């Protein structure tokens, strides 16, 4: 089984005051280094295409270029979907599985990565997700509550998301031809006729979005 990985790291970090989240320090290491390591530990992974903003791709940090020869730095596009599409295109052509992960999820476990790859190797398209525990309210623009979805049917999507390689490539090719802007890879595959299933994830697989998330991640690592 041959696996390729796309790591989306082309965001501008607006909710972190413009600071690039992949380069923030988390317990003595860059967030990005921690996000990459569980994938680089997988024997089936042949290449990791890392989508950066063009300015960062032109001069990646020395620690990144020295991390592992399988890491390829790719100049991303204007939108997340553009960046993932370009990174997918940079991967080797003959792959069985492609996994997509957010650079801002540094606590993903090797075991979860392995389960996602194994599911896609069986022909499944999977989204790692966890059941929603809070009551969710649907709110109109004027602030009125207009609905309370049954939380038993709601899951909070995470990454990685894993797909048979040919299916993901075809979905991105079609999206590019039709001008579809993709913010979620699984939704794009579903739009193109694929069936996507949930793979239960881990509550600790949080996304670094705010300063509070960084504090929580550090506490989890310390524990």
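Just a few scattered comments:
- Any hit, segment 189-200, residues being assigned to a loop (DSSP other than H, G, I, E, B) and exposed (fewer than 13 other Cβ atoms within 10 Å of the Cβ): yes
- In segment 176-188, residue farthest from the chain's Cα centre (by Cα) [restricted to those that are touching a residue at least 24 places away in the same chain (Cβ under 8 Å) and assigned to a helix (DSSP H, G or I)]: 176
- Hits in segment 152-186 - residues which are at pLDDT below 90 and closer than 17 Å to residue 120 by Cβ: 184
- Segment 73-89, subset closer than 18 Å to residue 169 by Cα and surrounded by fewer than 17 Cβ atoms within 10 Å (Cβ to Cβ), residue farthest from the chain's Cα centre (by Cα): 89
- A single member of 103, 162, 120, 111 is surrounded by 20 or more Cβ atoms within 10 Å (Cβ to Cβ), under 18 Å from residue 39 (Cα atoms) and more than 13 Å from the chain's Cα centre (by Cα), and it is 120.
- Selected residue (only one of 50, 24, 95 is more than 23 Å from residue 163 (Cβ to Cβ) and in contact with a helix residue (DSSP H, G or I) (Cβ under 8 Å, 6 or more places away or on another chain)): 24
- Among (1) assigned to a helix (DSSP H, G or I); (2) surrounded by 14 or more Cβ atoms within 10 Å (Cβ to Cβ), the one test that residue 208 misses: (1)
- Flag for residue 79 being out of contact with any helix residue (DSSP H, G or I) (no Cβ under 7 Å at 6 or more places or on another chain), at pLDDT below 95 and under 20 Å from residue 184 (Cβ atoms): yes
The values are calculated or read from the model by the stated rules, or taken from the named source; none is laboratory data. Everything numeric here is computed off the predicted structure, so don't read it as measured data. Glycine gets a Cβ as well: all are built from the backbone with ideal geometry, and neighbour counts include every protein chain shown.
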